[in-house]
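**Q** I have a structure I would like to understand better, so I am pasting it below and will then ask my questions one at a time.
The values are calculated or read from the model by the stated rules, or taken from the named source; none is laboratory data. Small disclaimer: the values here were computed from a predicted structure and weren't measured. Glycine also receives a Cβ, built like all others from the backbone with ideal geometry; neighbour counts cover every protein chain displayed. SASA here: full protein model, heavy atoms, side chains in, ligands and nucleic acids out. Shrake-Rupley method; radii C 1.70, N 1.55, O 1.52, S 1.80 Å.
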Number of protein chains: 4
Amino acid sequence: MCRWAAWSGAPKYLEELICDPQHSLIEQSRHALSCKTSVNADGFGAAWYGERLTPCVYKDVRPAWSDPNLLQLAHHVKASVFLAHVRASTGTATVRDNCHPFTVGRWSFMHNGQIGGYDHFRRRIDNLIPDALYAHRTGATDSEALFLIACGYGLSEEPVPAMARAVRELEDMARTQGGAPFMRFASCWSDGETLYAARYASDHLAPTLYYRCYGDGISIVSEPLDEAPGEWLEVESGSFIAVRNGTVSVGRFFPDKVASSKGNTPKGCFDVGRGFVESGTG
Amino acid sequence: MCRWAAWSGAPKYLEELICDPQHSLIEQSRHALSCKTSVNADGFGAAWYGERLTPCVYKDVRPAWSDPNLLQLAHHVKASVFLAHVRASTGTATVRDNCHPFTVGRWSFMHNGQIGGYDHFRRRIDNLIPDALYAHRTGATDSEALFLIACGYGLSEEPVPAMARAVRELEDMARTQGGAPFMRFASCWSDGETLYAARYASDHLAPTLYYRCYGDGISIVSEPLDEAPGEWLEVESGSFIAVRNGTVSVGRFFPDKVASSKGNTPKGCFDVGRGFVESGTG
Amino acid sequence: MCRWAAWSGAPKYLEELICDPQHSLIEQSRHALSCKTSVNADGFGAAWYGERLTPCVYKDVRPAWSDPNLLQLAHHVKASVFLAHVRASTGTATVRDNCHPFTVGRWSFMHNGQIGGYDHFRRRIDNLIPDALYAHRTGATDSEALFLIACGYGLSEEPVPAMARAVRELEDMARTQGGAPFMRFASCWSDGETLYAARYASDHLAPTLYYRCYGDGISIVSEPLDEAPGEWLEVESGSFIAVRNGTVSVGRFFPDKVASSKGNTPKGCFDVGRGFVESGTG
Amino acid sequence: MCRWAAWSGAPKYLEELICDPQHSLIEQSRHALSCKTSVNADGFGAAWYGERLTPCVYKDVRPAWSDPNLLQLAHHVKASVFLAHVRASTGTATVRDNCHPFTVGRWSFMHNGQIGGYDHFRRRIDNLIPDALYAHRTGATDSEALFLIACGYGLSEEPVPAMARAVRELEDMARTQGGAPFMRFASCWSDGETLYAARYASDHLAPTLYYRCYGDGISIVSEPLDEAPGEWLEVESGSFIAVRNGTVSVGRFFPDKVASSKGNTPKGCFDVGRGFVESGTG
């Protein structure tokens, strides 16, 4: 299990999420509260979007709190959209290529969760990654594989359905070849314009997912950054949110259904939505 | 504050202290119990004595649990005398040169404690290090300075009085130029033959120090490695122990008195001992 | 291209190959002579055999010359059989899991060479690794894949034919799906008892491979460790050598032929040998 | 000896100096030409000035070419003033705190050179650092000490005379307590507005120093970034340059004279010139 936080809004220093809050990401790397592992010190990473289309990625294997470069960058780098992650390994090595966020072109992705029995069918998961994307398979985590498979399913055209389909595929593999809990998923991904996040689990123990609307933007997190009662809204399991230009859209994230309707899934399903919640920050 | 463990006895794999016990040093690096900082993940180190006179030192900046090289070495390296340490920085950077153990020639040293107000008079502490030893001053910690000053006071001839004198000098500097708590000290040092450890504090909060006699050797630790009631003997504040060839000698470690008598302090005062405790491991 | 050196004989400190010779492995990491890349500073590694059946592996991403831990270990660790490697990346990342030697159980492997167009068919190479060994696929190099595939072909039973078959398979894939040069190979592998090395290329530019018999053992290297004329014997392309108990056996290493006769390849083909050279160190 | 490059002008991506030129800083880290050490792979660093008064510093111990984070940052970070450095250790350890640039408040500093016999009188050099700045003494290099001593001499008020005085002091110490070559110095320092660089040696072997005027700014380097004949102007030994708002001022940097006239040295001698190259402040 890992902890992560993301921002979409007015340009903000990374440290305003990573270092400053009472229960900042760095504080969570030492003492996470709503997490199986209280210490999340097996590497960290951040991706932020600036003038270029692709994000800038900084990640490394040390605990977030002990890396002076991270503290420098967090203090000096400002971005309108960024993702940050602290990792607690569930088995794979603590090497940079296993740290989040992962990126392909404009897209970045970070994950908190697990795929049951992943170690037993990793080869078959790897085999789902298209050749064209296989050069991006540099680590050994389930998270990286999940992201690349979603890219192969057309993440750049259909950000939510493609991710949902990847989740469903891997959940199916876990059911047939792995073990319980088949899929636990609380992830965030972005192209630098829209920030997506989704929460899902095969059982009733989906990893936590929250967001909060500030005056100048929206933060999505795996665990609240402070004790502001009522401010942090929980995303339900089986839902996703999409944040863009100060607007939060909430929709259903049902891996089986979404994926089965692939092909005719309306693009931007989160704009349409039955029962969607929209909340502006304006 | 840091955690450490040392061994003197029959050759033992490092992992038998570092990894295997219920409350091993690696476990303590995540969840120390009798320590102000429960996470001790700002580097680690080990020094062991083999065929050469000098120890082999392996240390690095990552958390002990996440370094695959450490796990390999702990699994494969066997030694009769070794020291191992996990660090929680009290301010100085997490760089290798600030990790314990420190070594000069045959001597190794590791420390848990602090010198009150050290940051304010570090230059003057550095200035107590003799030129001949100054090349060993590669980091910025109080621990390294304390060790080098003790070396300058003749650690190799009088291992306990020299250390006591260094502790007293720095405690005096803390009293006049720093602040409370002036000195807290629970350290271990060795020349590869005898293992020394001492406990002291200016106040009544000396860092913990324990030892335990096994059938084939003696372990000294800052915190017990398991819950074996009655097996772990606490070293009193103001005392030192010296372990050699299966024998534990306990003596007083009064920085002021020992140091003031320097010159006529009987070498090997811990062999003579009024009120000393001796316990063999048979 | 990389540089490596191995030893089989009386217990020797690692530094006697890694640091001390005029053209030691560390010197080669800065100034390799018979190598396309003169700087081999993208990580290093060593594996040595001690009391346990499995080797102890130490590897990391820094240049060999700048790692104080490596210098410490090389100075203190003694072994009868060891392998050491300095890496020059041909494209894959400089992360620990891409550094040599690679190990599975008792077996260790290090490689200098390349597979033409590897990037284009890596997924299919990965897919040749059996599920049972896939947990060992933690990096992204062709070398690691080659080793795991050889393990899958029965390296532990038939150390040379299994390796030859893996080389042939990957050479075939390079011919059909990759590009020239299809296969260049100069590798060393061991189970802690016998040291194997082989040299091969699809063209006439096989990476160099030498060995030398000392009074107390045999060294195999990718490049001579000093200028001792006549002492360093070159292994021909298409040949392997096996070193055990002071005896060097030389045999043919023809990937196509050896592999095609798999099943009835005589085990220990290098003990039989037509035209084999045997030279004892007596 | 080390290699470095700096920029003052229109906002530029770091990679335009670090990665892109024919003989970029990364290329120099492998194959420096006018340098005693052709490989400069013992760490690297960059400091750039953005919205905050203090610079953002990124530095680490790996070779510049092998650090994916550096490549990411160099590709994405743009600045009007930045300094970048690749290190070849002359003895001190390859730890982050020994990498350049060093910073205090707004000021950054990077150095190529040496102080003869530094190891023999380092304690006395350290002792020249004021208590108020001693917390910044985290490494063990002569470069860091030189910078902190210059800060103590009033670098922020008199950037050139303070540096010259520090150089003279340490040269004097080298003459009386160290050995030849007493002082070799080619350094660059900045407060984010003006970029200073100076060249000096006790003998006639001052490390090289060049600058070049582009249409949109000025680059100062220890070695030209490309073979543009006539474009790279050499700074003479015993001179400094100051670059601000597209103007280069050149003046004398005579440690003895400048320092002895401290107090009446015209401040801002580099504020004079209009036009491009101005030389001669004497």
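**Q** Any idea which residue in the range A:219-245 is modelled with the lowest pLDDT, counting only those that are of a type in the set (S, T, N, Q) and more than 30 Å from A:MET173 (Cα to Cα)?
**A** Among residues in the range A:219-245 that are of a type in the set (S, T, N, Q) and more than 30 Å from A:MET173 (Cα to Cα), the one modelled with the lowest pLDDT is A:ASN245.
**Q** Of all residues in the range D:120-141, how many are within 19 Å of D:ASP42 (Cα to Cα) and open to solvent by 20 Å² or more (accessible area, probe 1.4 Å)?
**A** 1
**Q** Another question about this same structure. Do the conditions hold for B:CYS213, that is, is it at pLDDT below 95 and at negative phi?
**A** Working: at pLDDT below 95: no; at negative phi: yes.
No.
**Q** I would also like to ask the following. List the pairs whose first member sits in the range A:120-136 and is more than 7 Å from every other protein chain (Cβ to nearest Cβ), whose second member is among the hydrophobic types (A, V, I, L, M, F, W, C) and open to solvent by less than 50 Å² (accessible area, probe 1.4 Å), and whose Cβ atoms are under 6 Å apart, counting only residues at least 6 apart or on separate chains?
**A** A:PHE121/A:MET173; A:ILE125/A:ALA145; A:LEU128/A:ILE149; A:LEU133/A:LEU148; A:LEU133/A:CYS151; A:HIS136/A:VAL104; A:HIS136/A:LEU148
**Q** Within the range A:192-204, which residues are under 30 Å from A:ARG175 (Cα atoms) and either of a type outside the set (A, V, I, L, M) or at pLDDT below 95 (or both)?
**A** Those that are under 30 Å from A:ARG175 (Cα atoms) and either of a type outside the set (A, V, I, L, M) or at pLDDT below 95 (or both): A:TYR196, A:ARG199, A:TYR200, A:SER202, A:ASP203, A:HIS204.
**Q** Yes or no: D:VAL248 crowded, with 20+ Cβ neighbours inside 10 Å, at pLDDT below 80 and farther than 25 Å from D:MET1 by Cα?
**A** no
**Q** Right, next: So which pairs qualify, if the first residue must be in the range D:177-193 and on the phi > 0 side of the Ramachandran plot, the second must be in a loop (DSSP other than H, G, I, E, B) and surrounded by fewer than 22 Cβ atoms within 10 Å (Cβ to Cβ), the Cβ gap must be under 6 Å, and the two must be at least 6 apart or on different chains?
**A** Every condition considered, the pairs that remain are D:GLY192/D:ARG106.
**Q** Tell me which of these A:GLU51 doesn't satisfy, since it passes every other one: (1) away from chain D (no Cβ under 14 Å); (2) surrounded by fewer than 20 Cβ atoms within 10 Å (Cβ to Cβ); (3) of a type in the set (Asp, Glu).
**A** (1)
**Q** Based on what the data block shows, is D:ARG62 over 27 Å from D:ASP191 (Cβ atoms) and crowded, with 22+ Cβ neighbours inside 10 Å?
**A** Judged against the criteria, D:ARG62 is a match.
**Q** Return yes or no: is D:VAL57 at pLDDT 95 or above, within 10 Å of chain A (Cβ to nearest Cβ) and within 21 Å of D:GLU15 (Cβ to Cβ)?
**A** Numbers: at pLDDT 95 or above: yes; within 10 Å of chain A (Cβ to nearest Cβ): yes; within 21 Å of D:GLU15 (Cβ to Cβ): yes.
Answer is yes for this residue.
**Q** Exactly one condition in (1) away from every other protein chain (no Cβ under 11 Å); (2) under 24 Å from C:ASP119 (Cα atoms) is not met by A:ALA140; state its number.
**A** (1)
**Q** Here is a further query. Going by what's in this entry, would A:ASN40 be described as modelled with pLDDT of 95 or more and open to solvent by less than 30 Å² (accessible area, probe 1.4 Å)? Even if it seems obvious, please write down each step before you answer.
**A** Working: modelled with pLDDT of 95 or more: no; open to solvent by less than 30 Å² (accessible area, probe 1.4 Å): yes.
Criteria not met by A:ASN40.
**Q** For B:HIS76, which of the numbered conditions (1) in contact with a helix residue (DSSP H, G or I) (Cβ under 9 Å, 6 or more places away or on another chain); (2) buried (at least 24 other Cβ atoms within 10 Å of the Cβ) fails to hold?
**A** B:HIS76 satisfies every listed condition except (2).
**Q** Still on this structure, please answer the following. Within the range A:88-137, restricting attention to residues that are among the β-branched types (Val, Ile, Thr) and out of contact with any helix residue (DSSP H, G or I) (no Cβ under 7 Å at 6 or more places or on another chain), which residue is farthest from D:GLN72 (Cα to Cα)? So that I can check it myself, show each step before the final result.
**A** The first filter runs over the range A:88-137 and keeps only residues among the β-branched types (Val, Ile, Thr), leaving A:90, A:92, A:94-95, A:103-104, A:115, A:125, A:129.
From what is left, the residues that are out of contact with any helix residue (DSSP H, G or I) (no Cβ under 7 Å at 6 or more places or on another chain) are A:90, A:103.
Working: A:THR90: 27, A:THR103: 12 Å.
Out of the qualifying residues, it is A:THR90.
**Q** Still on this structure: Among the residues of the range B:65-84, write down those that are touching a residue at least 24 places away in the same chain (Cβ under 8 Å) and within 13 Å of chain C (Cβ to nearest Cβ).
**A** B:LEU70, B:LEU71, B:LEU73, B:ALA74, B:HIS75, B:HIS76, B:VAL77, B:LYS78, B:ALA79, B:PHE82
**Q** Here is a further query. Just a yes or no: is a residue in the range C:13-22 among the polar types (S, T, N, Q), open to solvent by less than 10 Å² (accessible area, probe 1.4 Å) and out of contact with any Leu (no Cβ under 6 Å at 6 or more places or on another chain)?
**A** no
**Q** Considering only the range B:85-96, I want to know if a residue exists there that is within 14 Å of chain C (Cβ to nearest Cβ) and either open to solvent by 20 Å² or more (accessible area, probe 1.4 Å) or without any contact (Cβ under 8 Å) to a residue 24 or more places away in the chain (or both).
**A** First, pick out the residues of the range B:85-96 that are within 14 Å of chain C (Cβ to nearest Cβ): B:95-96.
Filter once more, so that each one left must be either open to solvent by 20 Å² or more (accessible area, probe 1.4 Å) or without any contact (Cβ under 8 Å) to a residue 24 or more places away in the chain (or both): B:96.
The answer is yes; a qualifying residue exists.
**Q** Quick check on the range D:152-194: of everything there that is touching a helix residue (DSSP H, G or I) at 6+ places or on another chain (Cβ under 9 Å) and within 14 Å of another protein chain (Cβ to nearest Cβ), which residue is most open to solvent (accessible area, probe 1.4 Å)?
**A** D:GLN177
**Q** Please report, ordered by residue number, the strands (runs of 3 or more DSSP E) entirely within the range C:200-259 with at least 2 residues that are within 20 Å of C:SER34 (Cα to Cα). Break it down stepwise before answering.
**A** Details: elements: C:210-214, C:217-221, C:239-244, C:247-252.
Once the strands (runs of 3 or more DSSP E) in the range C:200-259 are filtered for at least 2 residues that are within 20 Å of C:SER34 (Cα to Cα), what remains is C:210-214, C:217-221, C:239-244.
**Q** Out of the residues in the range C:97-112 that are touching a Pro at 6+ places or on another chain (Cβ under 8 Å) and open to solvent by 10 Å² or more (accessible area, probe 1.4 Å), which is nearest to the other protein chains (Cβ to nearest Cβ)?
**A** C:THR103
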